[in-house]
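Everything on this sheet refers to the single structure shown next.
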Amino acid sequence: RVPLETINSIIDLIDDRSDILSLALTCKSFAKHLIPSILDYREIRAPFELSQIWRHLANNPTLARRVREI
């Protein structure tokens, strides 16, 4: 029974998608919370000059927290 905030803090420290999957497979509680996160994992490739994307992410933290690689 790990609080969701704690799980999210742990996920934020993990950069590699396969490591998140490994953590998800350690117990049912992690699987319940992490599998959706793995499916929502995002990698963004865009020029830094395209400020519209970065502004959108800055204004939508829920989207931004799924981004693992820029």
Margin query: Given R₀ = 22 Å, what would the calculated FRET efficiency be for Gln52 paired with Asp15, taking r from the Cβ atoms and rounding to 0.05?
Written below: 0.30
Note to self: I'd like the trypsin sites (Lys or Arg not before Pro) in segment 3-60 restricted to DSSP loop residues with at most 14 other Cβ atoms within 10 Å, sorted by number.
What the structure shows: Arg45
Checklist line | Sulfur and carbon atoms: percent of accessible area, the chain [1.4 Å] | finding: 57 percent
Check: Over the Cα atoms of segment 4-65, what is the Rg over Rh ratio if Rh follows Kirkwood?
Finding: 1.05
Next item on the list: Please list the non-local residues whose amide H lies under 5 Å from the amide H of Ile14, H modeled 1.01 Å from N, same-chain partners needing a gap of 5 or more.
Entry: none
Check: Between Ser51, Ser29, Ser18, which gets the highest mean-square fluctuation from a Gaussian network model of the chain, Cα cutoff 10 Å?
Finding: Ser51
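The values are calculated or read from the model by the stated rules, or taken from the named source; none is laboratory data. Owing to the predicted nature of the structure, the values given are computational and were not obtained by experimental measurement. Cβ coordinates were reconstructed from backbone atoms using ideal geometry, including for glycine residues, and neighbour counts include every protein chain displayed. The area values use the complete protein model at the heavy-atom level, side chains included, leaving out ligands, DNA and RNA. Shrake-Rupley method; radii C 1.70, N 1.55, O 1.52, S 1.80 Å.
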